[in-house]
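Peer 1: Dumping the structure here so I can ask a few things about it.
The values are calculated or read from the model by the stated rules, or taken from the named source; none is laboratory data. This structure is a prediction, so every number in the text was calculated from the model and none was measured. No Cβ is skipped: glycine too gets one built from the backbone with ideal geometry, and neighbour counts run over all protein chains shown. Each accessible area value is taken on the protein alone, full model and side chains, heavy atoms only, with ligands, DNA and RNA left out. Shrake-Rupley method; radii C 1.70, N 1.55, O 1.52, S 1.80 Å.
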Amino acid sequence: MNPIPIGWCLGGALAAAVAGGLAGWTVRDWKRDSEVLAEFQSAAKDLKQARETVDHAATAYEQERDDDRARTAVRESTIREIYHDRTVPADCAVPAAAVRVLDQAVDAANARTAGQPAPGLPEAAETAGAAD
């Protein structure tokens, strides 16, 4: 039996080391790819939560804006109804019903700036009936 030449042993060891290095490099590359994928999935989840938060805030804003438009329409129609066919006295006194509507409008505006929901306005017919 012939012994294996030392060159072949060193060549085999070198080939095994290179193959092991390449295999380790490949496995590390796979591991890094999986870490990057996990980071992207986490970022996508965070983005989805942020989007849901913004959507919820936008929906709340839209609802508040619609409610405010309705209150404004009631307030404007009430003011128009109060002043409809009224003679303006020389001293320009404002009727009590108009003062009440304007005070409510100021209270609603102050409540919005304080972050509180605005109080509801009375119906136009109630205010008009009180003005007569």
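Peer 1: When both residues are 6+ apart or on different chains and their Cβ atoms are under 7 Å apart, which pairs have a first residue that lies in the range 90-102 and is part of a loop (DSSP other than H, G, I, E, B), and a second that is surrounded by 14 or more Cβ atoms within 10 Å (Cβ to Cβ)?
Peer 2: The qualifying pairs are Pro95/Ile82; Pro95/Ala131.
Peer 1: Here's a follow-up. Check the range 115-126 and report whether any residue there is exposed (fewer than 13 other Cβ atoms within 10 Å of the Cβ), at pLDDT below 65 and of a type in the set (D, E, K, R).
Peer 2: Applying the first criterion (exposed (fewer than 13 other Cβ atoms within 10 Å of the Cβ)) to the range 115-126 yields 115-117, 119-120, 123, 125-126.
Restricting the remaining residues to those that are at pLDDT below 65 gives 115-117, 119-120, 123, 125-126.
Applying the additional criterion that residues be of a type in the set (D, E, K, R) yields 123, 126.
Taking every residue of the range 115-126 in turn, at least one turns out to be exposed (fewer than 13 other Cβ atoms within 10 Å of the Cβ), at pLDDT below 65 and of a type in the set (D, E, K, R).
Peer 1: While we're looking at this one, here's another question. Restrict the check to the range 33-41 and report whether at least one residue is modelled with pLDDT under 90, of a type outside the set (Asp, Glu) and open to solvent by less than 80 Å² (accessible area, probe 1.4 Å). Even if it seems obvious, please write down each step before you answer.
Peer 2: To start, the set of residues in the range 33-41 that are modelled with pLDDT under 90 comprises none.
Within the range 33-41, none of the residues are modelled with pLDDT under 90, of a type outside the set (Asp, Glu) and open to solvent by less than 80 Å² (accessible area, probe 1.4 Å).
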